[in-house]
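Reading through the structure tokens given below for one structure.
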Amino acid sequence: MTVYSGLGLFMKNTFLAVQVFLAAIFSAGSLLQAEPIEISKSAQRTFVQPTLQIRQINGDKEFCDPFYRYLVTCGWFRVVNGNADYNLIVNGGDGKVSMQLFFGENPVLSKNISYSGDVRRAAARSVDELISARFKQKLCDSQLTFTVETRPGIKEVFVCDTDGGNIRKITDFSTSCVEPSWMPDGKSVVYTRYTLAGTDVCETMINPWRSRRLTHFKGMNVGAAVHPGGEYLAMIMSIDRQVELYVKALNSRDRRRLTQSKAVEASPCWHPNGGSICYVSDRSGRPGLYLIGANGGSPQRIPTLGSEAVTPAWAPDGKLAYSAKIGGSYKLAVYDPNGGESGVIANLPAGDWEGAAWAPDSRHIAASRRVGKRSEIYIVDSKTGKSRKLLNLKYSQTSPDWSPIRRD
């Protein structure tokens, strides 16, 4: 993403500023009535990852290699040699996986999985079974989408698996495609496409590949986020020459304007229950986060850290990640309206952190880290503060979004 200051999260002019915001929401519940609160400055307490030893792993290399990568990168276990909290025996190949997980010597999980075709996905699903058995969460059988600057001034939309493998490009235009966002079924991606006539919101289905235009109104059409039910878009338009937040039917031109102000609105995204929308606005003079009901109403300010707050993203469990401008740079922060830990995620490498997206496990965050003119996507563990670079590409990557767990 490009930004007002060159460091952070706003472009220098209004048109491009709105284009780069991508974000999230919260329901109109307790937070809407909340008094301003003090937010702690450390988002993590000491968290000890349970250790896991792979006592035995047998099978095809095509299965074992991605299985090990998913297990190491998932973050839910710390894989060690020698004594460990958990011990694992795995056999995989020829369309079958068998796993035995022990806590010490006590059996926790005994699982047999059959698969055909996609060996990498079988490995991801197998690790998810381990995570689910211990933590009631899943992570690996999901995907990420993001933009890559494939040549100067041109960005395309890509997708990859959670370990950074299986990367592929899903757009191929002579103009930029930005702000990718998954449809709720995880089978297609919605994004903003620049054209000679302006901007459109488009959708590309991944398999089989096909693309269609969703909006083409006069003026700006950017920042679309899909309702959890898949029926509506929350997006930014300038039909009346004023940048405002709208809700639009996905498959028709029906629309409703939610905001009425001279401020610049950006970054809409739906709460998982579909009842409210969070967005960025500069109505107070500096960019901040606001909440509004899906049918409109009076916007309410969300309490955040720093002089600016941008690019919010809600976790499935209700936590909010956003970028807070603190001391001249943008930090990745978390706010839990339910009374959990809130504050800046500590121990991250230096740089400007922007464009957060939560994983399905409500623990891991994908975000782009900018150093100088280069941005790369990292996966951040919100419990430990550990981070890993997702990809090794020579091109800058921005605007990640995380799919739900695949259901097919």
So the check is Cβ under 7 Å with 6+ separation or different chains; which pairs have a first residue in segment 112-124 that's surrounded by 14 or more Cβ atoms within 10 Å (Cβ to Cβ) and a second one that's of a type in the set (S, T, N, Q) and at pLDDT 90 or above? I113/S126; R120/N166
Restrict the check to segment 367-380 and report whether at least one residue is modelled with pLDDT under 95, closer than 27 Å to D128 by Cα and assigned to a loop (DSSP other than H, G, I, E, B). no
Check T162 against each of (1) farther than 20 Å from S362 by Cβ; (2) in contact (Cβ under 8 Å) with a residue 60 or more places away in the chain; (3) not charged (D, E, K, R) and name the one condition it does not meet. (1)
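Please verify whether V280 is surrounded by fewer than 24 Cβ atoms within 10 Å (Cβ to Cβ) and touching a strand residue (DSSP E or B) at 6+ places or on another chain (Cβ under 7 Å), treating the condition exactly as stated. It would help to see each step written out before you state the result.
Working: surrounded by fewer than 24 Cβ atoms within 10 Å (Cβ to Cβ): no; touching a strand residue (DSSP E or B) at 6+ places or on another chain (Cβ under 7 Å): yes.
Taking the combined requirement at face value, the residue does not satisfy it.
Filter segment 261-271 down to residues that are more than 13 Å from M235 (Cα to Cα) and touching a strand residue (DSSP E or B) at 6+ places or on another chain (Cβ under 7 Å), then give me how many there are. Before you say what the answer is, go through the steps one by one.
To start, the set of residues in segment 261-271 that are more than 13 Å from M235 (Cα to Cα) comprises 261-263, 271.
Checking the rest, the ones that are also touching a strand residue (DSSP E or B) at 6+ places or on another chain (Cβ under 7 Å) come to 263, 271.
Within segment 261-271, residues that are more than 13 Å from M235 (Cα to Cα) and touching a strand residue (DSSP E or B) at 6+ places or on another chain (Cβ under 7 Å) number 2.
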Any residue in segment 129-146 that is within 25 Å of Q49 (Cα to Cα), in a strand (DSSP E or B) and aromatic (F, W, Y)? no
Only residues in segment 317-337 that are free of Cβ contacts under 8 Å to residues at least 24 places away in the same chain count as the first member; pair them with residues that are of a type in the set (S, T, N, Q) and surrounded by fewer than 24 Cβ atoms within 10 Å (Cβ to Cβ), Cβ under 9 angstrom, at least 6 apart or cross-chain, and list the lot. A324/T304; A324/S307; I326/S307; D336/S342
Suppose we keep only residues that are surrounded by 23 or more Cβ atoms within 10 Å (Cβ to Cβ) and either at pLDDT below 95 or not aromatic (F, W, Y) (or both) within segment 343-356. Which one would you say is nearest to the chain's Cα centre (by Cα)? A356
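The rows are residues; the columns are (1) within 17 Å of G219 (Cβ to Cβ); (2) in contact (Cβ under 8 Å) with a residue 24 or more places away in the chain.
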| site | (1), (2) |
| --- | --- |
| Y246 | yes, no |
| S252 | no, no |
| V264 | yes, yes |
| C278 | no, yes |
| R283 | no, no |
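Results for (1) of a type in the set (A, V, I, L, M, F, W, C); (2) assigned to a strand (DSSP E or B); (3) out of contact with any Gly (no Cβ under 6 Å at 6 or more places or on another chain), shown as yes or no for each residue.
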site: E203; (1), (2), (3): no, yes, yes
site: P228; (1), (2), (3): no, no, no
site: L245; (1), (2), (3): yes, yes, yes
site: Q260; (1), (2), (3): no, no, yes
site: C269; (1), (2), (3): yes, yes, yes
site: G285; (1), (2), (3): no, no, yes
Checked segment 162-190 for anything in a strand (DSSP E or B) and either under 16 Å from A313 (Cβ atoms) or under 13 Å from the mean Cα position of the chain (by Cα) (or both); matches are E179, P180, S181, W182, V189, V190
Determine if segment 343-361 includes at least one residue that is within 20 Å of D163 (Cβ to Cβ), in a strand (DSSP E or B) and in contact with a Gly (Cβ under 7 Å, 6 or more places away or on another chain). no
Would you check which residues across segment 306-320 are surrounded by 17 or more Cβ atoms within 10 Å (Cβ to Cβ), over 18 Å from V264 (Cα atoms) and modelled with pLDDT under 95 and list them? A313, W314, A315, G318, K319, L320
Output for Cβ contacts, cut-off 8 Å, separation at least six or different chains, first residue without any contact (Cβ under 8 Å) to a residue 40 or more places away in the chain in segment 184-200, second aromatic (F, W, Y) and surrounded by fewer than 16 Cβ atoms within 10 Å (Cβ to Cβ), reads R193/F173
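The values are calculated or read from the model by the stated rules, or taken from the named source; none is laboratory data. Every value quoted in this text rests on a predicted model; they were computed, and no experiment measured them. Don't worry about glycine lacking a Cβ; one is built from the backbone with ideal geometry, like all the others, and counts go over all protein chains shown.
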